[in-house]
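What follows draws every value from the coordinates through simple rules; no lab data is involved. The shown structure was predicted, so the numbers you read here are calculated from the model rather than taken from an experiment. Neighbour counts are summed over all protein chains in view; Cβ atoms, including those assigned to glycine, are modelled from backbone coordinates with ideal geometry.
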Amino acid sequence: MTYELNLEKYENGDLTGMDLNIYQNQLSEKKLAHTNALISYKLELLNLKIQTLYDFENQVSVTPITAIDINMN
């Protein structure tokens, strides 16, 4: 929202292009940080699922497949 307000200031001539660029960079950094945090969260959730054999997102136990019987018809 801050970027949008500053874009409007830029369009009205109240903000320089360099200032707008600073706000755009801040917005990009925040979005990147949010994406990295989400990826880290999902990876740790997967690690927890592997270690505990429990799916915390779906609230169910996970049963691993240990072997496949090749001789089954």
- Note on the structure: Summing -39500 (n - 2.57) over every DSSP H run of at least 4 residues in the chain and dividing by its residue count gives a helix-only mean residue ellipticity at 222 nm, to the nearest 500 deg cm²/dmol, of -22000 deg cm²/dmol
- To the nearest 10 degrees, the tilt of helix 2-11 (Cα long axis) against the first principal axis of the alpha carbons of the chain is 30 degrees
- Loop sites in the chain: GluC sites (Glu not before Pro), DSSP, at most 16 other Cβ within 10 Å: GLU57
- GNM on the chain, C-alpha springs below 10 Å: top fluctuator among LEU27, LEU43, LEU15? LEU15
- Message: So if I place +1 on the C-beta of Lys and Arg and -1 on the C-beta of Asp and Glu, and nothing else carries charge, what would the dipole magnitude of the chain be about its Cα centre? I want it in debye, nearest 20.
- Response: 260 debye
- Can you check what the net charge comes to around TYR10, using other residues whose Cβ is under 11 Å from the Cβ of TYR10 (Lys, Arg +1; Asp, Glu -1)? -4
- Item | C-alpha long axis of helix 17-52 to longest principal axis of the chain, angle in ° | 10 degrees
